[in-house]
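Notes follow once the structure below has been shown.
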Amino acid sequence: MVIKMKNKFWILLIILLVILFGVGIYFYMTSTQNSDNTNYEANKTSTTDNSQKENNSIENNTEENKQSQENENNINTSSTSEEKKEPQYTEVQLATFSTKIYSKDFARQNNIKITCNTLNDTIVKNGSTFSFCGTVGKATSEKGYQEADVYDHDGNKTKGLGGGNCQVSSTLYNAVLAVSSLDVTERHEHSNDVPYVKKGKDAAVAYGSYDLKFVNNSGYDIKIKASTDDSSVTITINSVKPV
C-alpha cells in the first residue's frame, strides 16, 4: 500500500513538472513573438520616417532647384534685355547741297556711285578730323572704279581711275561750308574750271596728294549722307545726338 502511494506521488510530480515545463515554453514563445513584433513595428516606423524625410528632402530640393532656375531665368532675361537695349539717337539736318551731273559718261557715273556708297552714313565724332581720302580710300579697279575724265596739273583733260570723285568731294565741301562749327583745314582747287560748282567752291581730291579735311567742332557727332541718281549728287550733314 505504501509502495503504491509512493508511485502515485512520483507520477503526479512528473506530470506537474511536464505541465510547468510546457507553461514555461509557452510563455517563452509568447515573449519572443511579442519582441519580434515590437522590433518589426519599430523598424517599420523607422523606415516610414526615413522615407518621409527623404520625400520631404526631395520635395525641398525640387522646390529650391525650381526657385533657383526661376531666379537664373530672371537674371538671364534681365541680362538679355539689357544687352538688347541700345542707346537711341536723334538726327537733325544741319545742311544739304546738291550738284548737277552734266556728263553722261557711264564710267564717271559708276565712279560717283561707288564713292557715294562708301561715304554714305559716315560718322564724324565731335572734335575729330574728317579726311575724304582717308574715308573713301584709293580708287582701284578692284573696288569697281573705271577710268574717266580728270584734270592733270596743267589743266588738261586725261583719263584716270576714279574720275568723277571730285564732284562728290566738291559737293561735300559746299555742305560743310554751310555749317559754321565745321572748320575746313585742307582744300584744293582744280587746275581748270568745273561746271558743277561756282569758281572757288570746288574741292579737288587725289589719293596721296590732294585731300579735303575738316574738324568737327560742333559739340556733337555728325553724320554724312551721300547719294546720287545719275543726274545729281546730294550731300546732307546731320547732327547725331542721344535722346
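As a rough guide to protection, the peptides 12-22, 103-113, 147-157 ranked by mean Cβ packing within 10 Å, highest first, stand as 103-113, 147-157, 12-22. Once divided by 2.2 N^0.38 Å, the Cα radius of gyration of the stretch 123-243 becomes 1.08.
If the stretch 114-178 were replaced by its equivalent ellipsoid, with semi-axes equal to the square roots of 5 times the Cα gyration tensor eigenvalues, what would those be, largest first, whole Å?
Numbers: eigenvalues 111, 47, 18 Å².
Taking √(5λ) for each Cα gyration eigenvalue gives 24, 15, 10 Å.
Counted residue by residue at 0.36 nm each, then reduced by the alpha carbon distance between them, the extension gain from Asp154 to Leu13 reaches 35.1 nm.
Neighbour counts of other Cβ atoms within 10 Å put Lys125, Lys198, Lys143 in the fewest-to-most order Lys198, Lys125, Lys143. Between Asp183 and Asp230, the simple label model (points 7 Å from Cα in the Cβ direction) yields a spacing of 4.4 nm.
Any read-out appearing in this document is the output of simple, stated calculations on the displayed coordinates, not a laboratory observation. Because the structure is predicted, anything quoted here is derived from the model rather than measured. So basically every Cβ, Gly included, is an ideal-geometry build from the backbone, and we count neighbours across all protein chains shown.
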